[in-house]
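Written below as structure tokens is the structure these notes are about.
No value in this document is a laboratory result; all are computed from the given coordinates. Because the structure is predicted, anything quoted here is derived from the model rather than measured. Quick reminder, even Gly has a Cβ in these numbers, built from the backbone with ideal geometry, and neighbours come from all protein chains shown.
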Amino acid sequence: MLARATRAGDLAELDGAVADCFACPRLVAWREEVAAVRRAAFRDQEYWGRPVPGFGVPDARIAILGLAPAAHGGNRTGRIFTGDRSGDVLFAALHRAGLANQPTSVAADDCLALRHTRIAAAVRCAPPDNKPSPAERDTCAPWLHREIDLIRPTLRVVVTLGAFAWAAWWPLLRQVYGVRPPTPRPGFGHGAHWSGDEAVPQVLGCYHVSQQNTFTGRLTPTMLDEVFARARHLAGLDEDG
Ligand code: SF4
């Protein structure tokens, strides 16, 4: 699996290879069971039921890092944050920030396109209860590491959605950039900001766009707008448009 990830010469090759990964028995069983049973509202649809690749442009300056696909969202539609409430909130915010061409994300063929941005998950298969194990996170890490490696020439800022994605970022500094992660590891929080030397992307923390956060008002549209405005600024997009 590691070899397949590191061999991928571009994002299209990586996306094709990851969609064919069976390395985590528990997650493979879950993604396929969800796809077979389906939710009543989607009973007439064919679920993707496989690992969900990253989405966005190859020359991204901003990467958005999530936790894992949702069982009836990305695992159904085959595109990350697509077809669920979390995606509704995220893509509306990206559209307001000028980073997406439309405010909705409902299906893989809905003509959504991102600007300057790539979205990926730390774990590529939908986990039970949205909780991948640390071992599953580590098994899946080579896919994320290669993805970041491929967009490394342009990448300036990483927005991590939630503490899990924040934690998944730091090992990547050594694996992809060859630099020692900061010690102690910076703590996650909404609005947390870390910058190292110029060779590595700056990191922003943002509460996850889960319903748990957005329905309770813990994460508001205004808070998301502030994060993406800051990401745009740090990525140098305010100067370039
Ligand atoms: S979680 Fe990652 S490593 Fe595990 S089966 Fe899915 S794609 Fe493969």
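If you take the beta carbon distance between A41 and A107 as r and set R0 to 22 Å, what does 1/(1 + (r/R0)^6) give as a FRET efficiency, to the nearest 0.05? Intermediate values should be presented prior to the final figure.
Numbers: r = 14 Å, r/R0 = 0.64.
Efficiency for this residue pair is about 0.95.
Out of the GluC sites (Glu not before Pro) in the stretch 1-65, which ones are loop residues according to DSSP with at most 15 other C-beta atoms within 10 Å? Please report the intermediate quantities before stating the final value.
Numbers: sites: E13, E32, E33, E46; in loops: E46.
Counting only loop positions with at most 15 other Cβ atoms within 10 Å, the GluC sites (Glu not before Pro) in the stretch 1-65 are E46.
How big is D for the chain, in µm² s⁻¹ as a whole number, if Stokes-Einstein is applied with the Kirkwood radius of its Cα pairs at 4 °C and 1.567 mPa s? Working shown, then result.
Details: Rh = 17.8 Å.
It comes out at roughly 73 µm²/s.
Just want the ordering: Y47, Y177, from fewest to most Cβ atoms lying within 10 Å of their own Cβ. If you can, show how the numbers build up before the last one.
On the way: Y47 21, Y177 17.
Ordered from fewest to most neighbouring Cβ atoms within 10 Å, Y47, Y177 come out as Y177, Y47.
Using each residue's phi in the stretch 6-15, evaluate 6.51 cos²θ - 1.76 cosθ + 1.60 at θ = phi - 60° and report the 3J(HN,Hα) Karplus result to the nearest Hz, with x for Gly and Pro.
Couplings: 6, 6, 4, x, 8, 5, 4, 5, 5, 4 Hz.
Rounded to the nearest 500 deg cm²/dmol, what is the calculated helix-only ellipticity per residue at 222 nm for the chain, with -39500 (n - 2.57) per DSSP H run of length n ≥ 4? Before the final figure, lay out the partial values.
On the way: 10 runs with 93 residues, N = 241.
Rounded to the nearest 500, it is -11000 deg cm²/dmol.
Starting from the amide H of I119, placed 1.01 Å from N in the peptide plane, find each other amide H under 5 Å away whose residue is 5 or more places distant or on another chain.
F55, G56, I64
Ordered by packing density, taken as the mean number of other Cβ atoms within 10 Å over each peptide's residues, highest first, how do 113-119, 15-21 rank?
113-119, 15-21
Quick one: Karplus J couplings for the stretch 182-198, per residue in order, coefficients 6.51, -1.76, 1.60, θ = phi - 60°, nearest Hz, x for Gly and Pro?
For the stretch 182-198, the Karplus-derived couplings read x, 10, x, 5, x, x, 6, x, 5, x, 4, 9, 10, 9, x, 7, 5 Hz, x marking Gly and Pro.
With label points built 7 Å along Cα→Cβ from the Cα atoms of D20 and H193, find their separation and express it in nm.
The answer from the label model is 4.4 nm.
Considering the dipole of the stretch 1-121 built from charges on the beta carbon (Lys and Arg +1, Asp and Glu -1) around the Cα centre, which of L90, T6, V57 is farthest to its positive end?
Working it through, the farthest residue towards the positive pole turns out to be L90.
Between E32 and R180, what FRET efficiency comes out of the Förster formula 1/(1 + (r/R0)^6) with R0 = 45 Å and r the beta carbon distance, rounded to 0.05?
Working: r = 39 Å, r/R0 = 0.88.
Efficiency for this residue pair is about 0.70.
Quick one: 3J(HN,Hα) in Hz for the stretch 56-73, Karplus 6.51/-1.76/1.60 with θ = phi - 60°, rounded, Gly and Pro as x.
x, 8, x, 10, 5, 9, 10, 10, 10, 10, x, 7, 6, x, 7, 4, 10, x
Could you tell me what percent of the DSSP beta bridges with both partners in the chain are antiparallel, to the nearest 5?
Roughly 25 percent of the DSSP beta bridges within the chain come out antiparallel.
Would you work out the charge dipole size for the stretch 84-219 about its Cα centre, treating the Cβ of every Lys and Arg as +1 and the Cβ of every Asp and Glu as -1, and quote it to the nearest 20 debye? Before the final figure, lay out the partial values.
Details: 14 positive and 11 negative charges, 62 e Å.
It comes to approximately 300 debye.
Based on the Cβ-Cβ distance of D129 and A3, what FRET efficiency does E = 1/(1 + (r/R0)^6) give at R0 = 30 Å, to the nearest 0.05? Write out the running numbers ahead of the final one.
Working: r = 31 Å, r/R0 = 1.03.
According to the calculation, E is roughly 0.45.
What is the stretch 137-241 by shape, rounded, prolate or oblate, if you read a ≥ b ≥ c off the alpha carbon gyration tensor as root eigenvalues and call it rounded for a/c under 1.5, prolate for a/b larger than b/c, and oblate otherwise? If you can, show how the numbers build up before the last one.
Details: a/c = 1.82, a/b = 1.27, b/c = 1.44.
Because a/c hits 1.5 or more and a/b fails to exceed b/c, the stretch 137-241 counts as oblate.
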